[in-house]
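All remarks here apply to the structure that follows.
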Amino acid sequence: MTLVESERLRLLPPYLFAEIDRLKAELIAGGADVINLGVGDPDLPTPSHIIERLAQTARDPANHQYPSYSGMNDFRLSVVKWCKRRFGVELDPLSEVLTLIGSKEGLAHLPLAFIDPGDLALVPSPAYPVYHVATMFAGGESWFMPLIEKNGFLPDLDAIPPAVAERARLMFINYPNNPTGATAGRDFYERVVRFAEQYGIIVCHDAAYSEVAFEGYRPMSFLEVPGAKEVGVEFHSLSKTYNMTGWRLGFAVGDRNVIGALGRIKSNIDSGAFNAVQWAGIAALEGDQGPVADMQNIYRERRDILIAGLKKAGLNPQIPKATFYVWCPNPPGCSSTDFTSLLLREAGIVTTPGSGFGDPGEGYVRMALTVPAERIREAVERICQLDLENRPSGEKSRNCSRK
Ligand SMILES: *Cc1c(COP(=O)(O)O)cnc(C)c1O
């Protein structure tokens, strides 16, 4: 039988990590000691009190049946308390909170509720690929908002043509930002709310990294801005905050009509998050937050080692105030894929080419701080040994692309 794939499958961009994975496997097979700064998946374990709560509630047969579609009331109440405590944002647990099977699930389903064929979504670039792909799966088109250094990696709303804004149904934003590590402040969110009100656009703020922040910096919620709760929703995740990427638990909060519509889509696709996982989520949100502070200190130490080493190697990355990513500019004469491949072949270090997150990401590679400090020290030594500064620049581009 000849399989005929759907248009949406054929339109998928090539898998970002495919070529890197192939090269990495080849190097490891050849005995190389590979340091993986590629994937954004915490290496630290889930705090033990959360695991205990899962183990305990998993034994209760009451938790073995289908969960409720919109999430356990206890979990949603816990979310309300957390949002109040953390951001001062007031929410109604029944209409303004939805439990998600990880925030990626909610982000990926949202366009099905609001995008018809031909509709536009405003999507940052570079970005987490889900926003664009989910828009495409719903039959819509992405209008890309470039995130560039000159604008602090924030989208320039004035650069969006009014005719585009009129057609747009959704706008995705994400701060603290993956992959650039950039952060956003109140004035940016205020501009976003005004823009959304003016054009009748639903804002989806992905706040997956709201708790991965350093030296006392506390990222704010988009919902803290007056009017935000009438134009948008914010997606949160327990994945990065509590090292729970494998557990699949997140939530959406905000505008009740958007939350309701997403809930209707989901009730026709999935059957909710396992109750025992939601009980564990309650333990995470309401329990000891010491492990969050520890997590922040660990990434801050790793960040400082990596930044200092990259500077010594002649590269000049900005110091991220949040996220576990360093958005490192390429050496002159090197493209993102050239630099990624140079780092992998000659230093055994896996990174992600910035261009893989969208064209405006060209000029950078993303390095994830998800390996122990001593591995980052080792990575930094290997990068310094590449002697990037003293490679003649013609040579360098040839070296960069040397196969
Ligand atoms: C990791 C990440 C998420 C979280 O995904 P989960 O599905 O909650 O594990 C969402 N958005 C961005 C940008 C991320 O990097």
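Structure notes:
- Elements of type helices (runs of 4 or more DSSP H) in segment 221-301, at least 1 residues being within 16 Å of the ligand (Cβ to nearest atom) and buried (at least 22 other Cβ atoms within 10 Å of the Cβ): 238-241, 256-267, 275-286
- TYR217 being part of a loop (DSSP other than H, G, I, E, B) and open to solvent by 30 Å² or more (accessible area, probe 1.4 Å): yes
- Screening segment 91-106 for residues that are in a loop (DSSP other than H, G, I, E, B) and within 16 Å of the ligand (Cβ to nearest atom) and picking the one that is nearest to the chain's Cα centre (by Cα) gives GLY102.
- Scan of segment 4-53 for residues that are within 27 Å of ALA284 (Cβ to Cβ) and basic (Lys, Arg), ordered by number: ARG53
- Of the criteria (1) surrounded by fewer than 23 Cβ atoms within 10 Å (Cβ to Cβ); (2) away from the ligand (no atom under 16 Å from the Cβ), which one ALA196 fails: (1)
- Residues located in segment 200-214, provided they are in a loop (DSSP other than H, G, I, E, B) and not acidic (Asp, Glu): GLY200, ILE201, ALA207, ALA208, TYR209, SER210, VAL212, PHE214
The values are calculated or read from the model by the stated rules, or taken from the named source; none is laboratory data. No experiment lies behind these values; they were computed from the predicted model shown. For neighbour counting, all protein chains shown are included, and Cβ atoms are generated from backbone atoms with ideal geometry for every residue, glycine included. For accessibility, only protein heavy atoms count, side chains too; no ligands or nucleic acids. Shrake-Rupley method; radii C 1.70, N 1.55, O 1.52, S 1.80 Å.
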